[in-house]
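Notes follow the structure.
Read-outs throughout are calculated quantities, based only on the coordinates presented, and are distinct from any laboratory measurement. Bear in mind that the values here come from a model prediction, so they are computed numbers and not experimental data. Methodologically, a virtual Cβ is constructed for each residue, glycine included, from the backbone with ideal geometry; neighbour enumeration extends over all protein chains shown.
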Ligand code: C2O
Ligand code: CU
Ligand code: CU
């Protein structure tokens, strides 16, 4: 048996059963009534090796004593961390054992469009999809999740998401923490409404129009976990894997995040902040100084409006002497890109993130007259981004709808999504300036098959931690991005660009492009 297949067998039991963590978790749980942070198991294929990813349904416990219907990748909920060496070849076999059709999109991995896993790359139930690729991109923290049109939100919410680290082998030289699960910790931020039973994802009209926001915050699949960390510098890799919630991270003692990387790789220099906003689909990597060695350092997500003081507990960190600290100082100079140069752009295009709120409200009104959706009152009261502060409970939710049958439509190109229409043809290897705009609601814009730099946000220069390579950005009024179209595509399976509020994506706030 090879080293790799043994690892795969260990993983079959899911997160909690992943071998190296069992003893730490049970010792911690026994000593105090806390939930240890589950660490997604690490898969590190050798050059040319095959990684098997099996998508299947299961049962998952978000909180002690509860059991909910879920889905995962090589696990009952979420999936592994696949760490790939830059320059290596890797083969993936994706097994769909869900009992329904799906796709698996590599969010952040540089691949040609037929391998991208978008809505055209269907994997029927009980079939396998094989992808062979050569890894050639900067060190970065990425992820993978389903992308089946009109079903992305539900399938992702069930737990179908895994993580991917691209590693160029130079983190030692950079002076960065690199011991996965010790001082290099991956954190998947999500929210839920129901944590028990089979009633997993039941969006009502408001959830579809504003994006689903649950009242329970979860990290790596559990509510309010505690991570044990060495008393030193720790690297936290944050993924916002929620359908719609925007997280504004703060530590209870306001200790800073030293941001080193965004979606597409390292920044040019470390950027310090005590509030880190992260929108759905975005990733940030930050170093946090735990060298003072305290216990119970709380990480909160705060309200959009800072003065509101509406802080929700996400998780805690506790320093332990059992873990050796490796890195004692925070490197300041990194090897990310310099200032973006908009003069590289060969053309400008404008995209309005159109939530068609007026038309959708009419649909809702018509339906509620027939005793349908209801919730008109709440809907009218809802301020833009109003759900950011909390999230409704299951009993507050209205009648369940689906994206396909709701009658609602959204658009990002003036027209709602159409699998058969190519919205943009961009010259391969060119740069374009894209002007993204929104009214009332903020929308996290994501593009497949291309990386971009943020040129301006609402007329101002981007924040320091938004200046690196990205593939997802929160659009609030107006955002300009400089997009580099450096990947090849085929007309029959184009790349997507869309709102990463998954309910909006499912309602058609998505377009398609190819490079020519
Ligand atoms: Cu993370 Cu098109 O998606
Ligand atoms: Cu993507
Ligand atoms: Cu949106």
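Just a few scattered comments:
- Fewest-first sequence of 410, 353, 442 by Cβ atoms within 10 Å of each Cβ: 442, 353, 410
- Extension gain, residue 215 back to residue 419 (0.36 nm per residue minus Cα-Cα distance, nm): 70.1 nm
- Among 234-245, 333-344, the order from most to least packed when residues are scored by Cβ within 10 Å on average: 234-245, 333-344
- Normalised by residue count, the chain yields a Cα convex hull volume of 140 Å³ per residue.
- The three principal axes of the C-alpha atoms in the stretch 408-460 carry coordinate ranges of 33, 33, 15 Å, sorted with the longest axis first.
- Here the Debye sum runs over all C-alpha atoms of the stretch 386-516 as equal scatterers in vacuum, and log10 of I(q)/I(0) at q = 0.15, 0.18 Å⁻¹ comes out as -0.78, -1.04.
- Counting all C-alpha pairs of the stretch 439-516, share separated by more than 17 Å (%): 48 percent
- Each listed q (0.17, 0.26, 0.29 Å⁻¹) maps to a log10 I(q)/I(0) for the stretch 111-164, found by the Debye formula over equal Cα scatterers with no solvent: -0.65, -1.28, -1.36.
- The stretch 240-347 - Rg (one decimal) and Dmax (whole number), Cα, Å: 16.3, 56
- Span from the the stretch 246-263 Cα centroid across to the the stretch 475-516 one, whole angstrom: 27 Å
- Rg and Dmax of the stretch 158-270, Cα atoms only, in Å: 16.6, 51
- Sorted by Cβ density within 10 Å, fewest first, the residues 57, 130, 358: 358, 130, 57
- What the Cα convex hull of the stretch 213-270 gives, in volume per residue, is 128 Å³.
- Residues residue 294 and residue 134, FRET efficiency given R0 of 56 Å [Cβ-Cβ distance, rounded to 0.05]: 0.80
- Fraction of C-alpha pairs exceeding 23 angstrom in the stretch 30-134: 36 percent, rounded to a whole number.
- Contact order for the chain, expressed relative to its length and based on alpha carbon pairs under 8 Å spaced 6+ residues apart, stands at 15 percent.
- Residue exposure proxy: 69, 78, ordered by other Cβ atoms within 10 angstrom of their Cβ from fewest to most, comes out as 69, 78.
- Highest average first, the peptides 99-106, 38-45 ordered by how many other beta carbon atoms sit within 10 Å of their residues are 38-45, 99-106.
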